[in-house]
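Just below is one structure, and these are the notes that go with it.
The values are calculated or read from the model by the stated rules, or taken from the named source; none is laboratory data. Model, not experiment: these values are computed from the prediction. Cβ placement follows ideal geometry from the backbone for every residue including glycine, while neighbour counts extend to all protein chains displayed. Ligands, DNA and RNA are stripped out before the accessible areas are found, and what is left, the full protein with its side chains, is counted by its heavy atoms. Shrake-Rupley method; radii C 1.70, N 1.55, O 1.52, S 1.80 Å.
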Amino acid sequence: MHIPFRRIVVSVIATVLLGSLPTTGATVPRAPTALAQRCVITSLPASQATAIERIVRREMQRRRIPGLQIVIVRHGAVAFRGSYGVADIETGATVTPRSLFTLNSATKAFTGVAIAQLVQAGRLSLDAPAAAFVPDWPARWGVVSVRQLLTHISGLPDVLEQPRGQGTGRLVGDGDPDSAWATIRTRPVEAPPGARFRYNQTNYVLLGKIIDRLTGMPFTRYIAARQFAPAGATGFAYGETRDIVPGRVRVYRYASGAVDGSTRDAPLEHAFDEFAPFLRTAGGLNGSATDVARWLIGLQNGRLLSPASLQMLWTPGRYADGKPTQWGMGWPLRSDERHPVATGIGGRRSAFFVYPKDDLSIVVLTNLAGANPEEFIGEIAGVFYPELRLENGGGLSRDTNRLRVALAAFPDDAPAMIFARLRSGSPALDVTEEDLNVWGGRLLAADRVDEGIRVLMLNTSLHPESANTWDSLGEAYEAADRVTDALAAYRRSLHIDGSNEHARRRCSVLSAPRRTAPESGEHRQKNNRTEVEIRRPYSVLACAIPVAGIAASRVPTMALASNRLVALMPSSTRSTGRTCA
């Protein structure tokens, strides 16, 4: 890219963005729906590079992602690197390969590697009681192993109060680390160790304490010295929103932190991450996709761990009954037997997938909390291995894939009937609630709503007493504009679990009467007609008692006219083997 043309591109981006933003603070901007390419380097065949870019651009537009980085590693080397869109909507600053993104909970993968290094050095056993390394371990917590912390089956109470929407939650107690630790130590366990999975930040706070104790230094220094430096990934930086991290992109979220079916109609607002220092083993790392790729290369070529330790890192833990967990040592695992994958996923905005058998790694970082790149990385991997695409059963377990084939073969049969036929022929058929929930969610994210509804309906049939299955079905019905059905599903979820705030909020919104007059001249085009839709205040009683005859209405949302950027650089404008700014 010649310098004068680059300056023209940046100037046009800034002009379009700044010219389309509101001039007052009264409204919230929407994200651009098509974004300029900043720079791409690739050594892949043109057909593969074009297919990858097509997926990236499609998903950025569908999900309204302001800025994105992608790096693909093949056979131990970077094969594709791309930087797209804007790092800061207000200034129009573009994403470059050096831009830093927040990794959020993908940080846990780095913590897992640190623990594996200590095990490899003979300084720690995964089955050792964590209490041996934490002097103020509460006696009421009993015996919990290091492995159970890593795989989120400790049963311990959570040091974070979970957010109602997008966000990092709030520390228990008075909101500071000392108060949070003092408070959590007084709380009893929530389940016996090994009994059930619960994603829990306390686990990684304790792992940080173990690293500090065994290394004699803060875990941030240890990880920098033993992972970043050997891998040549020196751009990483720990920190949160209040810390000054040079080169870090601005982070956005959908208005009010929405994560439900109305998300993609919501405008954008700034997102803020808070990670107290003792939480940064759980979610405090910032880096570029290039940093992550270098780290992954170092991880797989033996600079960070031996092959045996690497295999241990990506081996699932075990529940008390012997069944495998869905996590390895800090890494969520996916059960595709054809192409096993270890993942790092953070904040609904950042993700990296490692396919060990295929010598393939894909890193996608975005600055939108709600972009969920973990939902489309499999499609990018499908450029190399078509069976990894969702339509071909990518990411599904063997038995779940058998069910997928059967559902596609008999589209007019009830899903429960199809499952019963399969089970009668194969009594050992194992399709879990989580398998179906994840699969249904991926179908919804791909706009295959009718298929998603069938899968999630089956999940409620197989697990009728699970509040989560009904909540997910409610989201599916919302996506299909089947508001009456959505309300019924959310109410069933609330009947099972009265603490389900998501279901309560969705009922409140869906039950509110729709306004027919515009509040600020803002309209949304849908189905070739203009509609005016606004957010309603939540009503605590909206879901308390099922009410017959509620009129179906669309999900109320507030939307601004879409700001569109043309793709200023064609996909053919790429080079091989040069350095991008």
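Scan segment 189-200 for residues that are open to solvent by 50 Å² or more (accessible area, probe 1.4 Å) and touching a Leu at 6+ places or on another chain (Cβ under 9 Å) and jot them down. Give the derivation first.
Step one: list which residues in segment 189-200 are open to solvent by 50 Å² or more (accessible area, probe 1.4 Å), which gives 189-190, 192, 195-199.
Scanning segment 189-200 gives VAL189, GLU190, ARG198.
A quick yes/no check of all residues on (1) open to solvent by less than 10 Å² (accessible area, probe 1.4 Å); (2) assigned to a loop (DSSP other than H, G, I, E, B); (3) in contact with a Pro (Cβ under 7 Å, 6 or more places away or on another chain):
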{"site": "ASP178", "(1), (2), (3)": "no, no, no"}
{"site": "ARG187", "(1), (2), (3)": "no, yes, yes"}
{"site": "LYS209", "(1), (2), (3)": "no, no, no"}
{"site": "GLN227", "(1), (2), (3)": "yes, no, no"}
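Take the residues in segment 117-170 that are in a strand (DSSP E or B) and modelled with pLDDT of 95 or more; name whichever of them is surrounded by the most Cβ atoms within 10 Å (Cβ to Cβ).
Initially, segment 117-170 is screened for residues in a strand (DSSP E or B), giving 129, 145, 160-161, 170.
Filter once more, keeping what is modelled with pLDDT of 95 or more: 129, 145.
On the way: PRO129: 16, SER145: 20.
Among those residues, the one meeting the criterion is SER145.
Give the residue, chosen from LEU35, LEU103, that is buried (at least 24 other Cβ atoms within 10 Å of the Cβ) and at pLDDT 95 or above. First the steps, then the outcome.
Details: LEU35 fails: at pLDDT 95 or above.
Going through LEU35, LEU103 in turn, the sole match is LEU103.
I need every pair where a residue in segment 381-398 that is farther than 16 Å from LEU444 by Cα and of a type in the set (D, E, K, R) has its Cβ under 6 Å from the Cβ of a residue that is open to solvent by 30 Å² or more (accessible area, probe 1.4 Å) and part of a loop (DSSP other than H, G, I, E, B), sequence separation at least 6 or different chains.
These pairs meet every condition: ARG398/GLU337.
For PRO464, work out the one condition from (1) within 28 Å of ALA371 (Cα to Cα); (2) outside any helix (DSSP H, G or I) it doesn't fulfil.
Condition (1) is where PRO464 drops out.
So, in segment 388-437, exactly how many residues are surrounded by fewer than 17 Cβ atoms within 10 Å (Cβ to Cβ), among the hydrophobic types (A, V, I, L, M, F, W, C) and closer than 20 Å to ARG448 by Cα?
Here the count works out to 7.
Return only the number of the condition from (1) without any contact (Cβ under 8 Å) to a residue 24 or more places away in the chain; (2) under 26 Å from THR400 (Cβ atoms); (3) not small (Gly, Ala, Ser) that PHE352 does not satisfy.
Unmet condition: (1).
Looking only at segment 194-201, decide whether some residue is at positive phi and either part of a loop (DSSP other than H, G, I, E, B) or at pLDDT 85 or above (or both). Steps first, please.
As a first pass, look at segment 194-201 and keep what is at positive phi: 194.
Next, only the ones that are either part of a loop (DSSP other than H, G, I, E, B) or at pLDDT 85 or above (or both) stay: 194.
Checking segment 194-201: at least one residue is at positive phi and either part of a loop (DSSP other than H, G, I, E, B) or at pLDDT 85 or above (or both).
Out of (1) under 18 Å from ASP447 (Cβ atoms); (2) acidic (Asp, Glu); (3) surrounded by fewer than 21 Cβ atoms within 10 Å (Cβ to Cβ), the odd one out for GLU374 is which?
It fails just one condition, (3).
When segment 199-243 is examined, which residues are found to be within 22 Å of ALA130 (Cβ to Cβ) and among the acidic types (Asp, Glu)?
ASP212
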